[in-house]
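A quick write-up on the structure given underneath.
Laboratory data are not the source of any read-out in this text; all were calculated from the coordinates shown. From a predicted model like this one, the values you see are computed outputs, not experimental measurements. Note that we place each Cβ from the backbone using ideal geometry, even for glycine, and neighbour counts take in every protein chain shown.
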Amino acid sequence: MNKQTGHLLTAAIVLLVLFNGVQIYGIVAQRISASPMTAETVRDSTRVPMQINVLNGCGVSGVGSTMTKFCRQAGYDVVEMGNYKTFDVEHSIVIDRNGKTQEAVRLAAALGIPAANVVQQFSNDQMVAASVVIGKDYQSLTPWKQ
């Protein structure tokens, strides 16, 4: 190999190293400028929506539809909408069906239902994590305040 070929080969290697350096810098700079991934972001993006049912416990027509629409927009999976066993429920409640009380309390808070109105009632007949029972106080809840 002569001296001129050696210089060309060295120049090519230097250019290749510089090119790779610029590419790596671009990738690193892009990742740094992007919003950081937090545990909360990862959890939210991979979280399976909580499955709930919405039950009308006050007898007012249309309250179930309004609540269902609000819950779906909030990211909950409403798998059933229907009537509760009675229409004389004074205060709306969230029934925790699977023992994950914190999730039920968060659902209640999102709906404007006090944590004191979250009750546990396990049932093999229910295939949902929680039930929202709309009471006669429905106009004080979040979906009707917007």
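Assorted remarks:
- Residue in segment 107-118 that is surrounded by 17 or more Cβ atoms within 10 Å (Cβ to Cβ), out of contact with any helix residue (DSSP H, G or I) (no Cβ under 9 Å at 6 or more places or on another chain) and in contact (Cβ under 8 Å) with a residue 40 or more places away in the chain present: no
- Members of segment 51-100 found to be under 21 Å from Asp125 (Cα atoms), touching a helix residue (DSSP H, G or I) at 6+ places or on another chain (Cβ under 6 Å) and of a type in the set (A, V, I, L, M, F, W, C), listed by number: Val54, Val78, Met81, Ile93, Val94
- Picking from residues in segment 119-141 that are closer than 25 Å to Ser61 by Cα and not aliphatic (A, V, I, L, M), the one that is surrounded by the fewest Cβ atoms within 10 Å (Cβ to Cβ) is Gln139.
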